[in-house]
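Note sheet for the following structure.
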Amino acid sequence: MSEKVKIDQELKFASNLLKPILAKIKEHEDVISAMHVCRGNWTTDESVLLSGAYDKLSKFFSGLKVDMLALEFSTPRAGEVSELFHNNLLAKKIILGYGVINPRTQTVEDVDEIVARVEKVLEFLPPERIWLNSDCGFATFCNRPLNSYEIIEAKLRNMAKAAEILRGRL
Amino acid sequence: MEKFPAFCTTLIGSMPRSPELLELKKQSVYDENKKAEYMAKAFEETKRIVELQKNAGIDVPVCGELLRDNFVSFVAEKVDGISLMSMDEILEITANSDEFKESLNQMDASDNSMSNPICTGRIDTDARLVDEEVDMMKEFSGNDRYKITIPSPYILTRSMWLKEVSQSAYSDRKELGADVVKLLLNEVEHLIASGVKVIQIDEPIVSEVVFQKPGGDNSFY
């Protein structure tokens with residue numbers, strides 16, 4: 001069996017498991033369903049982590065009735081947001097949880113850089129359908145925290161400041 | 001969705017646990033008397049995490065998942081029919097090769113610090129997964145603007161299926177998947193009835209499906 005067929009079958013299996021859960025949430029208009037998909041954040045060793053743009057998953061995402069996709073975009077391995085929305089209708093329907101801070105690095109993301117990156121997303125989505133989030137959790141595995149609280153807090157403050165600046169421009 | 005502002009800020013879920021909390025967790029496994037102390041410590045640290053987020057200006061806080069071993073494996077503590085196994089235990093059962101052990105080294109996953117939930121019997125589809133987290137977020141957020149996270153049925157099914165062990169209860173992983181869906185449907189109904197307004201399903205493993213090199217070993221832990 002070719003790799004492509006194996007991948008398609010596996011994604012179909014995944015999709016069939018997810019659909020009833022998402023349908024249950026969809027029954028309630030006041031509840032938001034979100035799906036978080038990253039490339040793994042169990043280590044700070046970048047060389048062992050997966051990489052690739054989200055265009056390879058856009059068909060999978062398009063087939064799901066999910067309100068929000070909470071994705072990672074703060075690192076080059078994630079590709080560009082344009083690739084997520086290429087050749088599909090995702091931009092018409094979803095809220096994007098746009099990853100703007102990297103839980104695995106000690107560098108605190110600059111406010112103006114976050115703002116500039118979010119402005120690119122505005123080419124595809126209206127402000128009310130853009131959320132800002134970290135790329136992933138800060139300690140997915142309890143014995144492997146990725147950062148100190150001092151750095152985490154600084155990253156969160158800058159993300160929130162960026163959101164304020166963006167709202168101020170509306 | 002008017003209640004949420006434009007460019008609404010949130011996190012994905014997990015936060016670092018203190019060494020004290022992790023030590024109490026270990027002790028509480030063997031000592032019933034430590035359980036109350038462990039839960040009190042988790043309560044106190046979760047409160048601080050929510051306050052940290054609010055003070056930083058985060059619109060929709062998360063609980064930090066402090067009670068979880070990891071975002072998936074915690075189900076082993078909650079659901080009969082699921083057991084936590086270390087990589088070493090899995091390697092022993094599956095008689096895996098030195099090559100696989102070496103690939104764990106290369107993936108920075110060989111230190112046994114990451115456990116796996118494995119299906120060892122029929123799972124209890126009525127078990128509750130995140131009740132404590134919901135209770136804490138209701139108390140600390142002061143409103144219904146918070147997010148609760150649950151593992152995806154796919155990552156659960158894929159992670160939990162270990163043929164050598166799981167076939168004692170299910171003929172194949174599709175059959176296991178059907179029960180995993182029941183478990184999560186029950187959980188989602190309960191979350192909604194409890195007033196949760198943002199439910200995040202954690203599904204990172206589809207990345208491995210599309211980005212993994214052909215013939216590669218499991219690269220996601």
| query | Considering only DSSP beta bridges with both partners in the stretch B:59-211, what is the antiparallel share in %, to the nearest 5? | reply | 45
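With Cβ to Cβ distances under 11 Å as the rule, what net charge do the other residues near B:Ser152 carry (K, R +1; D, E -1)? Walk me through the numbers on the way to the answer.
Details: positive: B:Arg158; negative: B:Asp202, B:Glu203.
Here the charged neighbours net out to -1.
Check each of the trypsin sites (Lys or Arg not before Pro) in the stretch A:119-170 and keep only those in coil by DSSP with at most 15 other C-beta atoms within 10 angstrom; list them in order. Let's see the in-between values first.
Working: sites: A:Lys120, A:Arg129, A:Lys155, A:Arg157, A:Lys161, A:Arg167, A:Arg169; in loops: A:Arg169.
Within the stretch A:119-170, the qualifying trypsin sites (Lys or Arg not before Pro) (loop, at most 15 other Cβ atoms within 10 Å) are A:Arg169.
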| Regarding the protein assembly as shown, what are the three Cα extents along the principal axes, ordered largest first, in Å? | 59, 55, 41
| task | Work out from phi, with θ = phi - 60° and the Karplus expression 6.51 cos²θ - 1.76 cosθ + 1.60, the ³J(HN,Hα) of each residue of the stretch B:14-29, listed in order in whole Hz, and give x for Gly and Pro. | result | 8, 9, x, 9, 6, x, 5, 5, 5, 5, 5, 4, 4, 5, 5, 5
| query | On average, how much area does the Cα convex hull of the stretch A:32-169 cover when viewed from any direction, in nm²? | reply | 8.3
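Using the structure shown, select from B:Lys41/B:Lys147; A:Lys26/B:Lys3; B:Lys35/B:Lys138; A:Lys56/B:Lys138; A:Lys93/A:Lys155 the pairs with a Cα to Cα distance greater than 26 angstrom.
Working: B:Lys41/B:Lys147 21 Å; A:Lys26/B:Lys3 17 Å; B:Lys35/B:Lys138 22 Å; A:Lys56/B:Lys138 38 Å; A:Lys93/A:Lys155 29 Å.
Violating the 26 Å limit, Cα to Cα: A:Lys56/B:Lys138; A:Lys93/A:Lys155.
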| query | Can you give the relative contact order of chain A as a percent, counting alpha carbon pairs under 8 Å and 6+ residues apart? | reply | 21
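Would you calculate a helix-derived [θ] at 222 nm for the protein assembly as shown, using -39,500 (n - 2.57) for each DSSP H run of n ≥ 4 and dividing by the full residue count, to the nearest 500? Don't jump to the answer; show the numbers that get you there.
Numbers: 16 runs with 175 residues, N = 391.
Computed mean residue ellipticity for the protein assembly as shown: -13500 deg cm²/dmol.
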| Once amide H atoms are built 1.01 Å from N in the peptide plane, which residues 5 or more positions from B:Val198, or in another chain, come under 5 Å H to H? | A:Ile32, B:Tyr146, B:Ile148
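When DSSP assigns beta bridges and you keep just the ones with both residues in the protein assembly as shown, what percent turn out antiparallel, to the nearest 5?
Details: 5 of 32 bridges.
Bridges in the protein assembly as shown are about 15 percent antiparallel.
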| task | Convert each backbone phi in the stretch B:32-41 into a coupling constant with the Karplus relation 6.51 cos²θ - 1.76 cosθ + 1.60 (shift: θ = phi - 60°), then list the ³J(HN,Hα) values in order as whole Hz, x for Gly and Pro. | result | 4, 5, 7, 4, 5, 5, 4, 5, 5, 5
| query | Rounded to a whole number, what % of the accessible area of the stretch B:59-211 do carbon and sulfur atoms account for, probe 1.4 Å? | reply | 42
| said: Principal axis extents for chain B, Cα atoms only, whole Å, descending order, please. | reply: 51, 40, 35
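The values are calculated or read from the model by the stated rules, or taken from the named source; none is laboratory data. Given the structure is predicted, the values throughout are model-derived calculations rather than measurements. With ideal geometry, Cβ positions are generated from the backbone for all residues, glycine too; neighbour counts draw on all protein chains shown. The area values use the complete protein model at the heavy-atom level, side chains included, leaving out ligands, DNA and RNA. Shrake-Rupley method; radii C 1.70, N 1.55, O 1.52, S 1.80 Å.
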